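The values are calculated or read from the model by the stated rules, or taken from the named source; none is laboratory data. Note that this is a predicted model, so its numbers are computed, not measured. Every residue, glycine as well, gets a Cβ built from its backbone with ideal geometry; the counts of neighbours run over all protein chains shown.
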Amino acid sequence: MPAHLRTLAGVKGDVTVEFDGEVTRRSILDALEKQYPMLRGTIREHVSGERRPFLRFFACNEDVTHESPDAPLPQEIASGAEPFYIIGAIAGG
Amino acid sequence: MSNVRVLVGTRKGAFILTSDGKRQKWDVSGPHFAGWELYHLKGSPVDPNRLYASQTSGWFGQIIQRSDDGGKTWFQPGTAAGEPTTTPEGMPKGESNKFVYDTSPDTGKPLTTHQWYDGTPKPWAFKRVWHLEPSLDDPDTVYAGVEDAALFKTTNGGQTWQELAGLRGHGTGSQWQPGAGGMCLHTIILDPKNRERIIVAISAAGAFRSDDSGATWKPINKGLHSQYIPDPTAEVGHCVHHVAMHPSNPNLLFMQKHWDVLRSDDAGDSWQEVSGNLPTDFGFVIDVHAHEPETIYVVPIKSDSEHYPLDGKLRVYRSRTGGNEWEALTKGLPQENCYVNVLRDAMAVDSLDSCGVYFGTTGGQVYASPDGGDTWTPIVRDLPPVLSVEVQAFS
(Lines give C-alpha, C1' and ligand atoms only; values in the text may rest on other atoms or scores of the structure.)
Protein backbone atom coordinates (compact mmCIF):
# COMPACT_ATOMS: atom_id res chain seq x y z
CA MET A 1 0.00 0.00 0.00
CA PRO A 2 1.10 3.61 -0.43
CA ALA A 3 2.93 5.06 2.56
CA HIS A 4 0.05 7.34 3.57
CA LEU A 5 -2.35 4.40 3.75
CA ARG A 6 0.12 2.32 5.76
CA THR A 7 0.38 5.22 8.20
CA LEU A 8 -3.39 5.47 8.45
CA ALA A 9 -3.71 1.74 9.07
CA GLY A 10 -0.82 1.75 11.52
CA VAL A 11 1.11 -0.96 9.66
CA LYS A 12 4.58 -1.31 8.18
CA GLY A 13 5.48 -3.20 5.06
CA ASP A 14 3.11 -5.68 3.42
CA VAL A 15 -0.31 -6.50 4.83
CA THR A 16 -1.74 -10.01 4.81
CA VAL A 17 -5.47 -10.68 4.72
CA GLU A 18 -7.13 -14.07 4.96
CA PHE A 19 -10.60 -14.93 3.75
CA ASP A 20 -12.63 -17.67 2.16
CA GLY A 21 -13.89 -17.60 -1.38
CA GLU A 22 -12.64 -16.45 -4.73
CA VAL A 23 -9.68 -14.08 -4.75
CA THR A 24 -10.58 -10.99 -6.74
CA ARG A 25 -9.76 -7.33 -6.40
CA ARG A 26 -13.11 -6.75 -4.74
CA SER A 27 -12.70 -9.57 -2.25
CA ILE A 28 -9.17 -8.44 -1.35
CA LEU A 29 -10.31 -4.87 -0.77
CA ASP A 30 -13.36 -6.04 1.19
CA ALA A 31 -11.11 -8.08 3.47
CA LEU A 32 -8.59 -5.24 3.77
CA GLU A 33 -11.27 -2.75 4.75
CA LYS A 34 -12.75 -5.20 7.24
CA GLN A 35 -9.38 -5.63 8.90
CA TYR A 36 -8.48 -1.94 8.68
CA PRO A 37 -11.75 0.02 8.72
CA MET A 38 -9.90 3.35 8.67
CA LEU A 39 -9.07 2.58 5.02
CA ARG A 40 -12.71 2.51 3.98
CA GLY A 41 -13.26 5.29 1.46
CA THR A 42 -9.56 5.85 0.83
CA ILE A 43 -9.11 3.27 -1.93
CA ARG A 44 -12.69 3.05 -3.16
CA GLU A 45 -15.23 5.85 -2.96
CA HIS A 46 -17.68 5.31 -0.08
CA VAL A 47 -20.90 5.25 -2.04
CA SER A 48 -20.08 4.27 -5.60
CA GLY A 49 -17.36 1.82 -4.63
CA GLU A 50 -15.32 3.07 -7.57
CA ARG A 51 -11.53 3.13 -7.46
CA ARG A 52 -10.06 6.52 -6.59
CA PRO A 53 -8.58 7.90 -9.81
CA PHE A 54 -4.99 8.21 -8.58
CA LEU A 55 -4.75 4.59 -7.45
CA ARG A 56 -3.83 1.57 -9.55
CA PHE A 57 -3.63 -2.17 -8.95
CA PHE A 58 -0.97 -4.65 -10.05
CA ALA A 59 -0.83 -8.45 -9.77
CA CYS A 60 2.11 -10.61 -10.94
CA ASN A 61 3.61 -7.68 -12.88
CA GLU A 62 0.32 -7.09 -14.71
CA ASP A 63 -1.69 -3.90 -14.49
CA VAL A 64 -5.16 -5.07 -13.46
CA THR A 65 -6.47 -1.58 -12.74
CA HIS A 66 -8.96 -1.64 -15.54
CA GLU A 67 -9.98 -5.28 -15.23
CA SER A 68 -13.31 -6.14 -13.70
CA PRO A 69 -13.15 -5.95 -9.90
CA ASP A 70 -14.68 -9.42 -9.88
CA ALA A 71 -12.16 -10.99 -12.23
CA PRO A 72 -10.27 -13.87 -10.57
CA LEU A 73 -6.67 -13.02 -9.76
CA PRO A 74 -3.75 -15.43 -10.40
CA GLN A 75 -3.20 -18.34 -8.04
CA GLU A 76 0.08 -16.78 -6.89
CA ILE A 77 -1.89 -13.90 -5.40
CA ALA A 78 -4.42 -16.23 -3.79
CA SER A 79 -1.70 -18.34 -2.20
CA GLY A 80 0.24 -15.31 -0.99
CA ALA A 81 3.29 -16.21 -3.08
CA GLU A 82 3.02 -12.88 -4.89
CA PRO A 83 1.74 -9.59 -3.45
CA PHE A 84 -1.22 -7.64 -4.74
CA TYR A 85 0.00 -4.08 -5.20
CA ILE A 86 -2.04 -0.93 -4.49
CA ILE A 87 -0.03 1.86 -6.06
CA GLY A 88 -0.46 5.62 -5.81
CA ALA A 89 0.03 7.55 -9.05
CA ILE A 90 3.21 9.57 -9.30
CA ALA A 91 1.58 12.97 -9.55
CA GLY A 92 1.38 16.22 -7.68
CA GLY A 93 3.88 17.73 -5.27
CA MET B 1 -1.26 32.71 33.86
CA SER B 2 -2.66 32.38 30.36
CA ASN B 3 -1.68 30.13 27.53
CA VAL B 4 -2.38 30.26 23.82
CA ARG B 5 -2.61 27.45 21.29
CA VAL B 6 -2.65 28.22 17.57
CA LEU B 7 -3.91 25.47 15.24
CA VAL B 8 -2.48 25.74 11.75
CA GLY B 9 -3.64 23.71 8.74
CA THR B 10 -1.30 23.60 5.75
CA ARG B 11 -0.94 21.92 2.39
CA LYS B 12 1.39 19.33 3.91
CA GLY B 13 0.22 18.75 7.45
CA ALA B 14 -0.93 20.44 10.66
CA PHE B 15 1.13 22.39 13.15
CA ILE B 16 0.33 23.41 16.70
CA LEU B 17 1.97 26.55 18.06
CA THR B 18 1.87 27.24 21.80
CA SER B 19 2.90 30.14 23.98
CA ASP B 20 2.17 31.79 27.28
CA GLY B 21 0.00 34.88 27.48
CA LYS B 22 2.85 37.16 26.49
CA ARG B 23 2.82 35.51 23.07
CA GLN B 24 6.49 36.18 22.45
CA LYS B 25 8.13 32.74 22.69
CA TRP B 26 6.51 29.87 20.84
CA ASP B 27 6.84 26.11 20.74
CA VAL B 28 6.04 24.41 17.44
CA SER B 29 4.80 20.83 17.13
CA GLY B 30 4.24 19.05 13.85
CA PRO B 31 3.83 18.22 11.16
CA HIS B 32 0.84 16.19 12.26
CA PHE B 33 -0.58 14.04 9.42
CA ALA B 34 2.54 14.80 7.42
CA GLY B 35 2.07 15.05 3.69
CA TRP B 36 -1.72 15.49 3.80
CA GLU B 37 -3.71 18.65 3.23
CA LEU B 38 -5.17 19.91 6.50
CA TYR B 39 -7.95 22.23 5.50
CA HIS B 40 -9.05 23.10 9.01
CA LEU B 41 -8.59 22.32 12.70
CA LYS B 42 -10.74 23.69 15.48
CA GLY B 43 -11.27 23.10 19.19
CA SER B 44 -14.50 22.76 21.11
CA PRO B 45 -15.46 25.87 23.10
CA VAL B 46 -16.85 23.54 25.77
CA ASP B 47 -13.81 21.27 26.03
CA PRO B 48 -10.76 23.04 24.55
CA ASN B 49 -8.70 19.85 24.52
CA ARG B 50 -11.22 18.29 22.14
CA LEU B 51 -9.90 19.12 18.70
CA TYR B 52 -11.22 18.16 15.29
CA ALA B 53 -9.21 18.16 12.06
CA SER B 54 -10.05 17.77 8.39
CA GLN B 55 -7.33 15.73 6.69
CA THR B 56 -7.76 15.40 2.93
CA SER B 57 -5.99 14.11 -0.11
CA GLY B 58 -6.60 14.08 -3.83
CA TRP B 59 -5.40 10.48 -3.75
CA PHE B 60 -7.18 9.04 -0.75
CA GLY B 61 -10.19 11.25 0.02
CA GLN B 62 -11.41 12.59 3.35
CA ILE B 63 -10.28 11.66 6.85
CA ILE B 64 -11.70 13.14 10.05
CA GLN B 65 -9.28 13.19 12.97
CA ARG B 66 -10.01 13.92 16.61
CA SER B 67 -7.85 14.63 19.62
CA ASP B 68 -9.03 14.51 23.22
CA ASP B 69 -5.76 15.81 24.69
CA GLY B 70 -5.17 19.10 22.96
CA GLY B 71 -3.41 17.67 19.93
CA LYS B 72 -0.84 15.41 21.60
CA THR B 73 -2.50 12.30 20.16
CA TRP B 74 -5.08 11.85 17.42
CA PHE B 75 -7.45 9.15 16.29
CA GLN B 76 -10.21 8.58 13.79
CA PRO B 77 -13.45 8.60 15.75
CA GLY B 78 -15.13 5.95 13.63
CA THR B 79 -14.82 2.19 13.88
CA ALA B 80 -11.57 1.28 15.61
CA ALA B 81 -9.06 -1.10 14.06
CA GLY B 82 -9.91 -4.67 14.81
CA GLU B 83 -13.54 -3.94 15.61
CA PRO B 84 -16.20 -5.42 13.33
CA THR B 85 -17.62 -3.06 10.74
CA THR B 86 -21.11 -4.34 11.31
CA THR B 87 -23.31 -4.43 14.36
CA PRO B 88 -24.29 -7.76 15.94
CA GLU B 89 -27.51 -7.45 13.97
CA GLY B 90 -25.51 -7.25 10.77
CA MET B 91 -26.08 -3.58 10.06
CA PRO B 92 -23.12 -1.59 8.71
CA LYS B 93 -21.65 0.82 11.22
CA GLY B 94 -21.32 4.49 10.43
CA GLU B 95 -17.89 5.75 9.61
CA SER B 96 -16.20 9.00 10.50
CA ASN B 97 -14.94 9.67 7.00
CA LYS B 98 -18.22 9.09 5.24
CA PHE B 99 -20.08 12.17 3.99
CA VAL B 100 -23.07 11.06 1.96
CA TYR B 101 -25.53 13.58 0.59
CA ASP B 102 -29.07 13.10 1.84
CA THR B 103 -31.47 12.64 -1.03
CA SER B 104 -34.23 11.00 0.93
CA PRO B 105 -37.67 12.54 0.42
CA ASP B 106 -38.29 12.54 4.18
CA THR B 107 -35.44 14.72 5.37
CA GLY B 108 -34.20 16.44 2.25
CA LYS B 109 -35.20 17.06 -1.30
CA PRO B 110 -33.59 14.90 -3.91
CA LEU B 111 -31.30 17.30 -5.66
CA THR B 112 -29.36 16.28 -8.67
CA THR B 113 -27.24 19.13 -10.01
CA HIS B 114 -25.65 22.51 -9.40
CA GLN B 115 -24.05 24.68 -12.08
CA TRP B 116 -20.58 24.06 -13.43
CA TYR B 117 -18.27 26.97 -14.35
CA ASP B 118 -19.78 27.17 -17.83
CA GLY B 119 -23.35 27.13 -16.53
CA THR B 120 -24.04 23.52 -17.44
CA PRO B 121 -25.61 21.29 -14.79
CA LYS B 122 -23.22 19.08 -12.83
CA PRO B 123 -24.05 16.35 -10.33
CA TRP B 124 -23.20 16.97 -6.69
CA ALA B 125 -20.07 15.07 -5.64
CA PHE B 126 -18.37 15.13 -2.24
CA LYS B 127 -14.72 16.19 -2.35
CA ARG B 128 -13.55 17.39 1.07
CA VAL B 129 -14.36 19.12 4.34
CA TRP B 130 -13.34 22.78 4.28
CA HIS B 131 -14.44 23.88 7.74
CA LEU B 132 -15.28 22.24 11.07
CA GLU B 133 -17.33 24.23 13.58
CA PRO B 134 -17.73 22.61 17.00
CA SER B 135 -20.97 23.30 18.87
CA LEU B 136 -21.07 26.01 21.52
CA ASP B 137 -22.65 23.57 23.99
CA ASP B 138 -21.61 19.98 23.29
CA PRO B 139 -18.10 18.74 22.46
CA ASP B 140 -19.56 15.78 20.55
CA THR B 141 -21.57 17.99 18.19
CA VAL B 142 -19.75 19.50 15.22
CA TYR B 143 -20.83 21.05 11.94
CA ALA B 144 -18.84 20.43 8.76
CA GLY B 145 -18.88 22.60 5.65
CA VAL B 146 -17.98 20.56 2.60
CA GLU B 147 -17.24 20.75 -1.12
CA ASP B 148 -19.48 20.33 -3.16
CA ALA B 149 -21.30 22.75 -0.93
CA ALA B 150 -23.38 21.23 1.83
CA LEU B 151 -23.60 21.27 5.62
CA PHE B 152 -23.12 18.12 7.69
CA LYS B 153 -23.46 17.50 11.42
CA THR B 154 -22.21 14.92 13.88
CA THR B 155 -23.63 14.44 17.35
CA ASN B 156 -21.37 11.57 18.38
CA GLY B 157 -17.93 13.13 18.33
CA GLY B 158 -17.31 12.65 14.64
CA GLN B 159 -18.16 8.95 14.39
CA THR B 160 -20.93 9.55 11.87
CA TRP B 161 -22.12 12.54 9.86
CA GLN B 162 -25.55 13.47 8.55
CA GLU B 163 -26.34 16.17 6.04
CA LEU B 164 -28.60 19.07 7.03
CA ALA B 165 -30.25 18.71 3.67
CA GLY B 166 -32.58 21.68 3.98
CA LEU B 167 -29.74 23.96 2.91
CA ARG B 168 -28.92 22.21 -0.34
CA GLY B 169 -32.59 21.60 -1.01
CA HIS B 170 -34.17 24.94 -0.10
CA GLY B 171 -34.63 25.93 -3.72
CA THR B 172 -31.64 27.81 -5.10
CA GLY B 173 -29.14 24.94 -5.13
CA SER B 174 -29.42 24.37 -8.84
CA GLN B 175 -28.07 27.92 -9.37
CA TRP B 176 -24.97 27.55 -7.20
CA GLN B 177 -21.66 27.36 -8.99
CA PRO B 178 -18.04 26.86 -7.94
CA GLY B 179 -15.58 29.62 -7.28
CA ALA B 180 -11.97 29.22 -8.36
CA GLY B 181 -11.28 27.01 -5.34
CA GLY B 182 -14.29 24.79 -5.86
CA MET B 183 -17.89 24.95 -4.71
CA CYS B 184 -17.22 25.00 -1.01
CA LEU B 185 -19.15 25.76 2.14
CA HIS B 186 -16.36 27.54 4.01
CA THR B 187 -17.99 29.60 6.76
CA ILE B 188 -20.18 28.35 9.62
CA ILE B 189 -21.30 30.79 12.33
CA LEU B 190 -23.24 29.64 15.40
CA ASP B 191 -25.17 32.40 17.14
CA PRO B 192 -24.36 32.40 20.89
CA LYS B 193 -27.55 34.27 21.79
CA ASN B 194 -29.91 32.34 19.56
CA ARG B 195 -28.96 28.68 19.58
CA GLU B 196 -31.29 27.89 16.68
CA ARG B 197 -29.57 30.35 14.33
CA ILE B 198 -26.82 29.19 11.96
CA ILE B 199 -25.22 31.29 9.23
CA VAL B 200 -23.14 29.75 6.44
CA ALA B 201 -21.40 31.04 3.34
CA ILE B 202 -20.68 29.30 0.06
CA SER B 203 -18.46 30.16 -2.91
CA ALA B 204 -20.00 31.01 -5.26
CA ALA B 205 -23.54 31.06 -4.01
CA GLY B 206 -23.62 33.53 -1.13
CA ALA B 207 -24.64 33.60 2.50
CA PHE B 208 -27.56 31.65 3.98
CA ARG B 209 -29.28 31.60 7.36
CA SER B 210 -31.30 29.08 9.30
CA ASP B 211 -33.38 30.09 12.31
CA ASP B 212 -34.48 26.55 13.17
CA SER B 213 -31.22 24.71 13.85
CA GLY B 214 -30.52 23.97 10.22
CA ALA B 215 -33.86 22.53 9.13
CA THR B 216 -34.85 25.36 6.78
CA TRP B 217 -32.73 28.04 5.12
CA LYS B 218 -32.96 31.27 3.18
CA PRO B 219 -30.41 33.28 1.17
CA ILE B 220 -29.25 36.48 2.93
CA ASN B 221 -27.59 38.39 0.10
CA LYS B 222 -29.60 41.62 -0.23
CA GLY B 223 -27.21 44.50 -0.79
CA LEU B 224 -24.49 42.41 -2.38
CA HIS B 225 -23.45 43.66 -5.80
CA SER B 226 -21.28 41.41 -7.98
CA GLN B 227 -20.37 42.70 -11.43
CA TYR B 228 -19.05 39.32 -12.53
CA ILE B 229 -22.45 37.59 -12.57
CA PRO B 230 -25.24 38.14 -15.12
CA ASP B 231 -27.53 39.80 -12.56
CA PRO B 232 -25.23 41.70 -10.16
CA THR B 233 -27.87 41.79 -7.42
CA ALA B 234 -29.16 38.23 -7.83
CA GLU B 235 -30.50 36.33 -4.84
CA VAL B 236 -27.63 33.83 -5.13
CA GLY B 237 -24.43 33.48 -7.16
CA HIS B 238 -22.17 35.82 -5.16
CA CYS B 239 -18.66 34.72 -4.34
CA VAL B 240 -18.61 35.35 -0.61
CA HIS B 241 -15.11 34.67 0.71
CA HIS B 242 -15.68 34.85 4.46
CA VAL B 243 -18.09 36.13 7.09
CA ALA B 244 -17.29 37.05 10.71
CA MET B 245 -19.42 37.84 13.75
CA HIS B 246 -18.73 39.22 17.20
CA PRO B 247 -20.31 37.03 19.89
CA SER B 248 -21.53 39.99 21.97
CA ASN B 249 -23.54 41.36 19.05
CA PRO B 250 -24.53 38.44 16.82
CA ASN B 251 -26.71 40.54 14.55
CA LEU B 252 -23.63 42.45 13.41
CA LEU B 253 -21.88 40.57 10.61
CA PHE B 254 -18.92 41.48 8.45
CA MET B 255 -18.23 40.01 5.04
CA GLN B 256 -15.24 39.88 2.71
CA LYS B 257 -16.71 39.22 -0.69
CA HIS B 258 -14.67 38.46 -3.83
CA TRP B 259 -14.57 42.23 -4.23
CA ASP B 260 -16.12 44.46 -1.51
CA VAL B 261 -16.15 44.46 2.27
CA LEU B 262 -19.64 44.67 3.71
CA ARG B 263 -21.50 44.79 7.01
CA SER B 264 -24.94 43.75 8.12
CA ASP B 265 -26.66 45.03 11.25
CA ASP B 266 -29.62 42.69 10.96
CA ALA B 267 -28.06 39.21 10.88
CA GLY B 268 -27.68 39.28 7.13
CA ASP B 269 -31.12 40.51 6.10
CA SER B 270 -29.40 43.44 4.38
CA TRP B 271 -25.80 44.42 3.66
CA GLN B 272 -23.98 47.71 3.12
CA GLU B 273 -20.57 48.13 1.56
CA VAL B 274 -17.94 49.49 3.98
CA SER B 275 -14.82 49.24 1.82
CA GLY B 276 -14.22 52.98 2.34
CA ASN B 277 -10.58 53.95 1.94
CA LEU B 278 -9.16 50.44 1.47
CA PRO B 279 -6.53 50.46 -1.29
CA THR B 280 -8.25 47.42 -2.83
CA ASP B 281 -11.31 45.68 -1.47
CA PHE B 282 -10.51 42.26 -2.91
CA GLY B 283 -9.43 39.75 -0.27
CA PHE B 284 -10.23 36.55 1.54
CA VAL B 285 -10.04 36.91 5.33
CA ILE B 286 -12.02 39.10 7.68
CA ASP B 287 -12.20 38.94 11.46
CA VAL B 288 -13.47 40.91 14.46
CA HIS B 289 -11.58 42.03 17.56
CA ALA B 290 -12.40 39.85 20.57
CA HIS B 291 -13.58 42.74 22.76
CA GLU B 292 -14.54 45.48 20.31
CA PRO B 293 -17.42 44.48 18.01
CA GLU B 294 -16.76 47.40 15.66
CA THR B 295 -13.04 46.73 15.26
CA ILE B 296 -12.38 44.55 12.22
CA TYR B 297 -9.42 43.30 10.23
CA VAL B 298 -8.89 42.48 6.55
CA VAL B 299 -5.86 41.79 4.38
CA PRO B 300 -6.39 43.52 1.03
CA ILE B 301 -5.23 41.55 -2.00
CA LYS B 302 -4.43 43.25 -5.31
CA SER B 303 -7.12 41.70 -7.52
CA ASP B 304 -8.98 38.57 -8.52
CA SER B 305 -6.28 37.78 -11.06
CA GLU B 306 -3.28 38.75 -8.89
CA HIS B 307 -3.64 37.08 -5.51
CA TYR B 308 -0.96 38.95 -3.56
CA PRO B 309 -0.72 42.22 -1.64
CA LEU B 310 -0.67 45.52 -3.47
CA ASP B 311 2.83 46.82 -4.25
CA GLY B 312 4.46 43.81 -2.57
CA LYS B 313 3.59 45.23 0.88
CA LEU B 314 1.86 42.91 3.34
CA ARG B 315 -0.57 45.11 5.22
CA VAL B 316 -3.40 44.25 7.56
CA TYR B 317 -6.07 46.93 7.54
CA ARG B 318 -7.99 47.68 10.71
CA SER B 319 -11.18 49.64 11.08
CA ARG B 320 -12.26 50.76 14.55
CA THR B 321 -15.52 52.13 13.18
CA GLY B 322 -17.06 48.97 11.78
CA GLY B 323 -15.79 49.74 8.31
CA ASN B 324 -15.35 52.66 5.90
CA GLU B 325 -12.41 54.18 7.81
CA TRP B 326 -9.37 51.93 7.62
CA GLU B 327 -5.75 52.18 8.81
CA ALA B 328 -2.82 50.15 7.53
CA LEU B 329 -1.00 48.00 10.09
CA THR B 330 2.56 47.38 8.95
CA LYS B 331 4.90 47.15 11.94
CA GLY B 332 6.71 43.84 11.67
CA LEU B 333 5.19 42.88 8.33
CA PRO B 334 7.28 42.80 5.12
CA GLN B 335 6.91 46.04 3.19
CA GLU B 336 8.71 45.04 0.02
CA ASN B 337 8.84 42.03 -2.30
CA CYS B 338 6.01 40.20 -0.54
CA TYR B 339 3.74 38.24 -2.88
CA VAL B 340 1.89 35.81 -0.63
CA ASN B 341 -1.83 35.34 -0.22
CA VAL B 342 -3.88 34.98 2.97
CA LEU B 343 -6.64 32.42 2.45
CA ARG B 344 -10.18 32.74 3.80
CA ASP B 345 -9.86 30.65 6.97
CA ALA B 346 -6.33 31.78 7.81
CA MET B 347 -7.03 34.56 10.33
CA ALA B 348 -8.10 34.27 13.96
CA VAL B 349 -8.25 36.32 17.15
CA ASP B 350 -7.69 35.22 20.74
CA SER B 351 -9.70 36.32 23.77
CA LEU B 352 -6.95 37.53 26.09
CA ASP B 353 -7.30 41.01 27.58
CA SER B 354 -4.97 42.41 24.96
CA CYS B 355 -6.56 40.78 21.91
CA GLY B 356 -4.15 38.72 19.83
CA VAL B 357 -4.57 38.58 16.06
CA TYR B 358 -3.06 35.82 13.93
CA PHE B 359 -2.88 35.03 10.24
CA GLY B 360 -1.06 32.58 7.99
CA THR B 361 0.14 33.02 4.43
CA THR B 362 0.58 30.89 1.36
CA GLY B 363 4.32 31.53 1.85
CA GLY B 364 4.26 29.52 5.08
CA GLN B 365 4.50 32.36 7.59
CA VAL B 366 2.22 32.63 10.60
CA TYR B 367 2.19 36.14 12.03
CA ALA B 368 1.00 37.07 15.51
CA SER B 369 0.09 40.41 16.99
CA PRO B 370 -0.35 40.41 20.79
CA ASP B 371 -1.64 44.00 20.77
CA GLY B 372 -4.65 44.03 18.49
CA GLY B 373 -2.66 44.51 15.31
CA ASP B 374 -0.32 47.35 16.33
CA THR B 375 2.79 45.19 15.99
CA TRP B 376 3.44 41.84 14.32
CA THR B 377 6.05 39.11 14.57
CA PRO B 378 6.30 35.84 12.67
CA ILE B 379 5.82 32.79 14.89
CA VAL B 380 7.12 30.60 12.06
CA ARG B 381 8.38 31.58 8.63
CA ASP B 382 8.76 28.44 6.57
CA LEU B 383 5.75 26.17 6.88
CA PRO B 384 3.98 24.75 3.82
CA PRO B 385 1.28 27.06 2.40
CA VAL B 386 -1.13 27.87 5.21
CA LEU B 387 -4.78 26.97 4.67
CA SER B 388 -6.27 27.78 8.05
CA VAL B 389 -5.49 29.35 11.42
CA GLU B 390 -7.49 29.02 14.61
CA VAL B 391 -6.52 30.05 18.14
CA GLN B 392 -7.47 28.98 21.63
CA ALA B 393 -6.69 30.90 24.82
CA PHE B 394 -6.66 29.33 28.30
CA SER B 395 -6.46 30.87 31.74
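Every listed requirement among (1) at positive phi; (2) surrounded by 12 or more Cβ atoms within 10 Å (Cβ to Cβ) is met by residue A:13 save one, (2).
For region B:28-51, check the following and say yes or no: at least one residue is at the interface with chain A (Cβ under 10 Å from one of its Cβ atoms) and part of a strand (DSSP E or B). No, region B:28-51 contains no residue that is at the interface with chain A (Cβ under 10 Å from one of its Cβ atoms) and part of a strand (DSSP E or B). Kindly evaluate residue A:26 against the criterion of being at the interface with chain B (Cβ under 9 Å from one of its Cβ atoms) and within 12 Å of the chain's Cα centre (by Cα). Considered against the rule, which asks whether it is at the interface with chain B (Cβ under 9 Å from one of its Cβ atoms) and within 12 Å of the chain's Cα centre (by Cα), residue A:26 comes out as no.
Among the conditions (1) under 19 Å from residue B:136 (Cβ atoms); (2) touching a residue at least 60 places away in the same chain (Cβ under 8 Å), residue B:293 misses just one, which is (2). Go through (1) under 26 Å from residue B:95 (Cβ atoms); (2) under 10 Å from the mean Cα position of the chain (by Cα); (3) without any contact (Cβ under 8 Å) to a residue 60 or more places away in the chain for residue A:86 and report which single condition fails. Every condition holds for residue A:86 apart from (3).
Among the residues of region B:365-395, those that are within 21 Å of the chain's Cα centre (by Cα) and part of a loop (DSSP other than H, G, I, E, B) comprise B:365, B:372, B:373, B:383, B:384, B:385. Residue check: residue B:241 meets all listed conditions (1) part of a loop (DSSP other than H, G, I, E, B); (2) touching a residue at least 40 places away in the same chain (Cβ under 8 Å); (3) closer than 29 Å to residue B:162 by Cα but one, namely (1). In region B:66-79, the residue that is farthest from residue B:99 (Cα to Cα) out of those that are more than 10 Å from chain A (Cβ to nearest Cβ) and either part of a strand (DSSP E or B) or within 17 Å of the chain's Cα centre (by Cα) (or both) is B:67. In this structure, does residue B:351 turn out to be touching a residue at least 60 places away in the same chain (Cβ under 8 Å), surrounded by fewer than 22 Cβ atoms within 10 Å (Cβ to Cβ) and out of contact with any Ser or Thr (no Cβ under 8 Å at 6 or more places or on another chain)? Taking the combined requirement at face value, the residue satisfies it.
Residue pairs whose Cβ atoms lie under 6 Å apart, separated by 6 or more positions or on different chains, with the first residue in region B:120-134 and under 24 Å from residue B:44 (Cα atoms) and the second crowded, with 21+ Cβ neighbours inside 10 Å and of a type in the set (Ser, Thr, Tyr), are B:128/B:56; B:129/B:54; B:130/B:39; B:132/B:52; B:132/B:54; B:133/B:143; B:134/B:44.
Quick check on my filter: what residues within region A:63-83 are charged (D, E, K, R) and without any contact (Cβ under 8 Å) to a residue 12 or more places away in the chain? Selection gives A:63 alone.
What is the residue count in region B:296-340 for residues that are small (Gly, Ala, Ser) and either assigned to a strand (DSSP E or B) or farther than 18 Å from residue B:275 by Cβ (or both)? Final tally of qualifying residues: 5.
Can you find a residue that is of a type outside the set (A, V, I, L, M) and within 27 Å of residue B:55 (Cα to Cα) anywhere in region A:61-78? Taking every residue of region A:61-78 in turn, at least one turns out to be of a type outside the set (A, V, I, L, M) and within 27 Å of residue B:55 (Cα to Cα).
Yes or no, residue by residue, for (1) β-branched (Val, Ile, Thr); (2) surrounded by fewer than 23 Cβ atoms within 10 Å (Cβ to Cβ); (3) in contact with a Ser or Thr (Cβ under 9 Å, 6 or more places away or on another chain); (4) under 16 Å from residue B:141 (Cα atoms):
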residue	(1), (2), (3), (4)
B:161	no, no, yes, yes
B:164	no, no, yes, yes
B:174	no, yes, yes, no
B:181	no, yes, yes, no
B:184	no, no, yes, no
B:192	no, yes, yes, yes
B:198	yes, no, yes, yes
B:201	no, no, yes, no
B:204	no, no, yes, no
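Selection over region A:42-60 of residues that are surrounded by 15 or more Cβ atoms within 10 Å (Cβ to Cβ), over 12 Å from the mean Cα position of the chain (by Cα) and at the interface with chain B (Cβ under 10 Å from one of its Cβ atoms) gives a count of 3.
Summed over region B:78-124, residues that are under 15 Å from residue B:162 (Cα atoms) and either basic (Lys, Arg) or modelled with pLDDT of 70 or more (or both) total 16. Report whether or not residue B:283 is of a type outside the set (Phe, Trp, Tyr) and touching a Lys or Arg at 6+ places or on another chain (Cβ under 6 Å). Spelling it out, it is not the case that residue B:283 is of a type outside the set (Phe, Trp, Tyr) and touching a Lys or Arg at 6+ places or on another chain (Cβ under 6 Å). Residue B:215 meets the conditions (1) touching a helix residue (DSSP H, G or I) at 6+ places or on another chain (Cβ under 6 Å); (2) closer than 21 Å to residue B:301 by Cβ in every case but one. The failed one is (2).
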